[in-house]
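Novice: Supplied in structure tokens, the structure appears directly below.
The values are calculated or read from the model by the stated rules, or taken from the named source; none is laboratory data. Fair warning: this is a prediction, and the values are worked out from it, not measured in the lab. Neighbour counts are summed over all protein chains in view; Cβ atoms, including those assigned to glycine, are modelled from backbone coordinates with ideal geometry.
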Amino acid sequence: MKKLVVIIVMLFAYVSFGQNKNAKASIEVDGVCLMCKERIEKACIKTKGVKSAIWNVKTHELKVIYDERKTNLDSIQNSVVAVGHDTKTLKAKDEAYNSLHTCCLYRDTEVQEDHKE
């Protein structure tokens, strides 16, 4: 009987703690300013299953932690593209891009120059 209880407890522990629910990923996302940062991170967090999203203005790197059972990288990238920001593999539709604030138009070389330090 003791062996059976031990086996059940071990099996429960394996099932409960053996699965890695959270995946980490890094995505390149275009943008130029802190308003872009807020928009990109907010779009990610609104995606079901995303637990953390941090976008670096200088490196354009978006680091996400998400539950693989609820979402995937394609869904996260689609959320970012929907708010007007390009990723390395997806380009935002012109309508979404043109809805950005004028200081956020990262495809414009003048805007890029304005945001350089």
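Novice: For the stretch 100-117, how many residues are in a helix (DSSP H, G or I), surrounded by 12 or more Cβ atoms within 10 Å (Cβ to Cβ) and not polar (S, T, N, Q)?
Specialist: Result for the stretch 100-117: 3.
Condition check ((1) buried (at least 16 other Cβ atoms within 10 Å of the Cβ); (2) within 21 Å of R69 (Cα to Cα); (3) at pLDDT 95 or above) across all residues:
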residue: K3; (1), (2), (3): no, no, no
residue: V9; (1), (2), (3): no, no, no
residue: Q19; (1), (2), (3): no, yes, no
residue: K24; (1), (2), (3): no, yes, yes
residue: E28; (1), (2), (3): no, no, yes
residue: L34; (1), (2), (3): no, no, yes
residue: E41; (1), (2), (3): yes, yes, yes
residue: I45; (1), (2), (3): no, yes, yes
residue: K48; (1), (2), (3): no, yes, yes
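Novice: Still on this structure, I have one more. Can you find, within the stretch 79-93, the residue that is farthest from K46 (Cα to Cα) among those that are among the hydrophobic types (A, V, I, L, M, F, W, C) and out of contact with any Asp or Glu (no Cβ under 8 Å at 6 or more places or on another chain)?
Specialist: L90
Novice: Okay, moving on. Of all residues in the stretch 67-90, count the ones that are touching a residue at least 12 places away in the same chain (Cβ under 8 Å) and outside any helix (DSSP H, G or I).
Specialist: The qualifying residues number 13.
Novice: Looking at the stretch 49-66 only, could you name the residues that are basic (K, R) and not in a strand (DSSP E or B)?
Specialist: If the condition is that a residue be basic (K, R) and not in a strand (DSSP E or B), then K58 is the only one that fits.
Novice: For the stretch 52-99, how many residues are within 18 Å of A23 (Cα to Cα), hydroxyl-bearing (S, T, Y) and loosely packed, with under 14 Cβ neighbours inside 10 Å?
Specialist: Selection size over the stretch 52-99: 1.
Novice: Collect the residues in the stretch 33-62 that are closer than 16 Å to K116 by Cα and of a type in the set (D, E, K, R), keeping them in residue-number order.
Specialist: K37, K58
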